[in-house]
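J.: Starting off with a structure, shown below.
The values are calculated or read from the model by the stated rules, or taken from the named source; none is laboratory data. On a predicted model such as this, the values are computed, not experimentally measured, just so you know. With ideal geometry, Cβ positions are generated from the backbone for all residues, glycine too; neighbour counts draw on all protein chains shown.
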Amino acid sequence: MNNVINKNSQLYFGDLFSSEKFISLCKIEMSCVVVLTDNHVGSLYEKKILAHLKNNGIVVHLISIPAGEVSKTRETKLEIENKMFSLRCGRDTMMIALGGGVVTDLAGFVAATYCRGIPIIYIPTSLLCMVDASIGGKTGVNTSFGKNTVGTFTKPKAIFTDISFLVSLPEEEYLSAASEIIKHALIYDLDYFLFLENNLDKFFSRDLVFLEQIIIRSCEIKEDIVADDEKEIGKREILNYGHTIAHALEMACDYKLSHGSAVAYGLIAESFIANKIGFLPDSEFKRILFIISKILCKLNKKIAVSVDKVISALKYDKKNRNRRIRFVILQNIGLVFTENNSFAHPIADSIIQESIQFIIKN
């Protein structure tokens, strides 16, 4: 298993079950390991990973939660912590998050606060988690006031990415990752966007060589951005491109719209805004619309929500300042607009409404 970003990176790529690094991290000064997973991923992999850990002399406990955003709550976090206390887990416990973004976000938040902090390893099993959710140290839960409104910035001890997990990934979950991958290209790397444009058929066919390339490149981009701004007080805000609208859509749809689908619509809406205010050229907006529309056609997810409900949800966005809704603005494909070291900017309500109307109607 190789370190794929740089010698200081916490990300390892390859076969998890032959990784000596994985086992050594679970053993070093640890009295036990707690594996947190969901009932879907657990039904596929929990027996294998528990047996692997036990066969290496590691005391291991399993905690399983219902799959999906329904579990990403303060109440679920409390239940997990109470279970760990009942197991007498102390600071010498290693936590493992086995699953997608909901599991890594939730487990990361538990690990950040349990006994004032215990180490955690992420094993992402979804493509979306491999390329985005597991990278950067964001943890958290949803509340009635919005998505990820309570959480921490806490990096895992390591991330072990094994693409063999993608074989069992349902088609909708697999396709949902495309929007985050495209986002990385849009905000940072024109050549990467060209590569995605020219090889979208390889994405749809799950070409393993292609998948390795895009997972590594997306991780490189996110690691590079996060390294300059771990706490999201500056440059890291560009990773929110498409997410201002996306998070509001998820909330307005009662989390029945997948994160990946919401981000796809969010990228279109926020590209519409950039084009409308005179930054993103028409030709580039059309290219963005074309590639994301291909993904949305495969996902076949329509938005059934009112503009007003989405606008209401936007009021709780974490980037808001002085009660004004702020957006990352794309200047060109691969380049974000910045002004006075600010990476997110207030936009007129009328233009925001237009952008939401555009994605609902189209």
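J.: Please state which one of Gly266, Gly260, Gly242 is modelled with pLDDT of 90 or more and either at positive phi or exposed (fewer than 15 other Cβ atoms within 10 Å of the Cβ) (or both).
T.: Matching residue, one of Gly266, Gly260, Gly242: Gly242.
J.: Would you tally the residues in the range 312-339 being at pLDDT 90 or above and either of a type outside the set (A, V, I, L, M) or crowded, with 20+ Cβ neighbours inside 10 Å (or both)?
T.: The number of residues fulfilling the criteria is 17.
J.: While we're here: What is the one condition in (1) of a type in the set (Ser, Thr, Tyr); (2) touching a helix residue (DSSP H, G or I) at 6+ places or on another chain (Cβ under 8 Å); (3) in a strand (DSSP E or B) that Tyr114 does not satisfy?
T.: Condition not satisfied by Tyr114: (3).
J.: Checking the structure you have, find out if any residue of the range 158-167 is part of a loop (DSSP other than H, G, I, E, B) and either crowded, with 17+ Cβ neighbours inside 10 Å or at pLDDT 95 or above (or both). So that I can check it myself, show each step before the final result.
T.: Keep residues of the range 158-167 that are part of a loop (DSSP other than H, G, I, E, B), which gives 162.
Next, from what is left, pick out any that are either crowded, with 17+ Cβ neighbours inside 10 Å or at pLDDT 95 or above (or both): 162.
Yes - at least one qualifying residue is present in the range 158-167.
J.: For the range 129-148, which residues satisfy the criterion of being under 19 Å from Ile96 (Cβ atoms) and touching an Asp or Glu at 6+ places or on another chain (Cβ under 6 Å)?
T.: Within the range 129-148, Thr139, Gly140 qualify.
J.: If you don't mind, there's one more thing I want to ask. For the range 52-72, indicate whether the set of residues that are of a type in the set (Gly, Ala, Ser) and farther than 29 Å from Cys219 by Cα is non-empty. Working first, answer last.
T.: If we filter the range 52-72 for residues that are of a type in the set (Gly, Ala, Ser), which is where we start, we get 57, 64, 67-68, 71.
Adding the requirement that they be farther than 29 Å from Cys219 by Cα leaves 57.
The answer is yes; a qualifying residue exists.
J.: Separate question: Would you point out which residue out of Cys115, Cys89 is surrounded by fewer than 22 Cβ atoms within 10 Å (Cβ to Cβ), in the same structural domain as Lys147 (by TED's automatic domain parsing), of a type outside the set (Ser, Thr, Tyr) and under 16 Å from Thr154 (Cβ atoms)? Don't jump to the end; show me each part of the working.
T.: Values: Cys89 fails: under 16 Å from Thr154 (Cβ atoms).
Answer to the check: Cys115.
J.: Let me ask you something else. I'd like to verify a number: residues in the range 257-277 that are of a type in the set (D, E, K, R) and touching a strand residue (DSSP E or B) at 6+ places or on another chain (Cβ under 8 Å), how many?
T.: So the answer is 1.
J.: Continuing with this model, one more query. Checking Leu196 against (1) in contact (Cβ under 8 Å) with a residue 24 or more places away in the chain; (2) surrounded by fewer than 17 Cβ atoms within 10 Å (Cβ to Cβ); (3) of a type outside the set (Ser, Thr, Tyr); (4) not assigned by TED's automatic domain parsing to the domain that holds Asn82, only one condition comes out false. Which one?
T.: That leaves (2) as the condition not met.
J.: Does Ser293 count as without any contact (Cβ under 8 Å) to a residue 40 or more places away in the chain and of a type in the set (Ser, Thr, Tyr)? Reasoning before the result, please.
T.: Values: without any contact (Cβ under 8 Å) to a residue 40 or more places away in the chain: yes; of a type in the set (Ser, Thr, Tyr): yes.
So Ser293 fits the description; yes.
J.: Moving to a separate point now. Only one of these conditions is not met by Glu180: (1) outside the structural domain of Leu335 (by TED's automatic domain parsing); (2) touching an Asp or Glu at 6+ places or on another chain (Cβ under 8 Å). Which number is it?
T.: Failing condition for Glu180: (1).
J.: Can you name the residue in the range 340-362 that is of a type in the set (D, E, K, R) and exposed (fewer than 14 other Cβ atoms within 10 Å of the Cβ) and, of all such residues, is modelled with the lowest pLDDT?
T.: Out of the qualifying residues, it is Lys361.
J.: Among the listed residues Gly101, Gly146, which satisfies the condition of being in the same structural domain as Gly14 (by TED's automatic domain parsing), at pLDDT 95 or above and of a type in the set (Gly, Ala, Ser)?
T.: Only one candidate qualifies: Gly101.
J.: OK, next. Among the residues in the range 337-346, are any among the β-branched types (Val, Ile, Thr), assigned by TED's automatic domain parsing to the domain that holds Glu270 and touching a Leu at 6+ places or on another chain (Cβ under 9 Å)?
T.: no
J.: Counting only residues that are in a helix (DSSP H, G or I) and surrounded by fewer than 17 Cβ atoms within 10 Å (Cβ to Cβ), which one in the range 24-45 is nearest to the chain's Cα centre (by Cα)?
T.: Going through the qualifying residues, I end up with Asn39.
J.: Right, another one. Looking at (1) farther than 20 Å from Ile356 by Cβ; (2) touching a Phe, Trp or Tyr at 6+ places or on another chain (Cβ under 7 Å), find the lone condition where Ile303 falls short.
T.: With (1) farther than 20 Å from Ile356 by Cβ; (2) touching a Phe, Trp or Tyr at 6+ places or on another chain (Cβ under 7 Å) applied to Ile303, the lone miss is (1).
Rundown of residues vs (1) among the polar types (S, T, N, Q); (2) touching a residue at least 12 places away in the same chain (Cβ under 8 Å); (3) over 24 Å from Ile225 (Cα atoms), yes/no style:
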site: Leu299; (1), (2), (3): no, yes, yes
site: Lys309; (1), (2), (3): no, yes, yes
site: Ser312; (1), (2), (3): yes, yes, yes
site: Lys315; (1), (2), (3): no, no, yes
site: Ile333; (1), (2), (3): no, yes, no
site: Thr338; (1), (2), (3): yes, no, no
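J.: Could we say that Ile303 is modelled with pLDDT of 95 or more, in the same structural domain as Val336 (by TED's automatic domain parsing) and not basic (Lys, Arg) here?
T.: no
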